[in-house]
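Encoded as structure tokens, the structure appears first; notes follow it.
Read-outs: derived from the displayed coordinates by stated rules, not from any lab. What you are looking at is a predicted structure, and each value in this text was computed from that prediction instead of being measured. Because the Cβ atoms are built from the backbone with ideal geometry, glycine has one as well, and the counts that use them run over all protein chains shown.
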Amino acid sequence: MEKEIFVIQGGKKLKGEIGVSGAKNAAFPVLIAALLTDEDCVIDNVPLIEDVMRLLEIFKSMQVKIDWLGERKVKINAKNINPSKINDKLVLKFRGSVLLYGALLARFGKVNLPQPGGCIIGARPIDTHLDAFSQLGVKVEEKRNKIVLTAPKQIKDNVITLDEFSVTATANLMLYASSLSEQITIKVADGDYQNQELAKVLKKMGANIIGSGQHIVKVRGAKKLWGFKHFLMYDPIEAGTFIIMALATKSDIVVKNVEYSFLEYVLKKLEDCGAKFEITKKGGDRVDVRVIPTDNIKIRKMQSLPYPGFPSDLLSVLGVLATQTKGVTLIHDPLFESRLKYMEGLTKMGADIFFSDPHRATINGITKLYGADLGSFDLRGGAAIIIAGLIAKGKTTISDIYQVDRGYEKIEERLSALGADIKRIKK
């Protein structure tokens, strides 16, 4: 099978404007919400990335009708959906398919699926999901390497406490509860952008949602959910990636269509560290962010936290920035034990990093980075290594770029437009 690699000639200053695509992680629950109704659902601003296309393939395998109305605008009709025909192999490869549990349980009262696959950033069991469903009275069984969920005739408990701030477990419960007439209260709920976007869509469909964006969310569903039209929000993680890339490469770049409220904490923390931005309001919550190059950034410590804290998905690119800032930086991701694995690539490029444990590392800056031949990393780690390659002296090659394609649309074309020397090569 033919593989693709990125080849980067580093050391070039970047300049110009780069737009942000539709939000990858918000696209999954919004698209899956379309399975709750037999009416047409139209979603615009869909990111054209591998994970979204894979999800739509899973839909097609269940005989869901998919019509593209424009380059990024898709119409979904699940009137004739047949879950028994689902492509199990695709489910196994795709972490986002975990949200099918809530939607299919709501629609059919029973789900029979393999445990989803996904990224390599550490153990990501779905115990939190299954525990939450169990609290509602859902019967959970494991049969022939599949998980079978059966809805109860009557809800056991309408107040659910999650084991952790899980983005997808919160979304799964919201999807399922949207079909229940009894109000369901979710405690220790995740309030990040994905679930705020899902709440907007479920409201359009006829469900009542209270507390979106907070850690206690109440959902009262409806017997019949309507179709909807929705323009998907822009991706705050992609925006944050480009902003930190500009800081790391000391480049004058304008990042367009930034969802400000979801990056407000990130921008504040970066400003506290010495970063400089010019922010232009565009209407609603969206802004354009101009990154002003500076040599005065110092990062002492950064830890990922549940929303509205520093996103775990941006900690990888922050690690690259830390190699180009003065002094010692402590990076801490308490959730994923393999989130820092990409740093092995950074050390190969010349970074001075000490690993305290799988969750913590200290980075000594400023260090010169040199091009290297690097293997595969997870999605966010792959983006981080691309940024390192843009900084490094000489040639960097990155294999298994499929991981990056899962979350960043045509990344090499967009970076080339800024002046980067990055090429996609078939091998």
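Remark: relative contact order (segment 24-231) = 21 percent; criterion is Cα-Cα distance under 8 angstrom and separation of 6 or more residues.
Charge dipole (Cα centre; +1 on Lys/Arg Cβ, -1 on Asp/Glu Cβ; no other charges) of segment 24-231 amounts to roughly 600 debye. Across segment 298-427, the relative contact order, built from alpha-carbon pairs under 8 Å that are at least six residues apart, equals 21 percent. Take 384-396, 236-248 and order them by the average number of nearby Cβ atoms within 10 Å per residue, most first; the result is 236-248, 384-396. Relative to one another, the C-alpha centroids of segment 298-325 and segment 12-68 are positioned 27 Å apart.
Given a Förster distance of 45 Å, report the FRET efficiency between W68 and R220 from their Cβ-Cβ distance, rounded to the nearest 0.05. Can you show the working numbers first?
Values: r = 34 Å, r/R0 = 0.75.
According to the calculation, E is roughly 0.85.
Ranked by how many other Cβ atoms sit within 10 Å of their own Cβ, fewest first, the residues S399, S312, S178 fall in the order S399, S312, S178. For the residues E197, E409, E164, a GNM of the chain with alpha-carbon springs under 10 Å puts the largest fluctuation on E164. Were the residues from K156 through K393 laid out at 0.36 nm apart, the gain over their Cα-Cα distance would be 79.2 nm.
When the listed pairs K13/K73; K93/K139; K269/K341; K85/K224; K85/K423 are checked against a 30 Å cut-off, the alpha-carbon distance exceeds it for K13/K73; K85/K423. For the chain, the relative contact order comes to 21 percent (Cα pairs under 8 Å, sequence separation of at least 6).
Apply 1/(1 + (r/R0)^6) to the Cβ-Cβ distance of I279 and I210, taking R0 = 45 Å, and write down the FRET efficiency to the nearest 0.05. Write out the running numbers ahead of the final one.
Values: r = 31 Å, r/R0 = 0.69.
The pair I279/I210 has a calculated efficiency of 0.90.
Modelled spin labels at Y265 and K79, positioned 7 Å past Cα toward Cβ, are 4.4 nm from each other. A DSSP coil position with no more than 16 other Cβ atoms inside 10 Å describes the following trypsin sites (Lys or Arg not before Pro) in segment 339-370: K368. Compared with the direct C-alpha span, the chain from L48 to K250 gains 69.8 nm at full extension, assuming 0.36 nm per residue.
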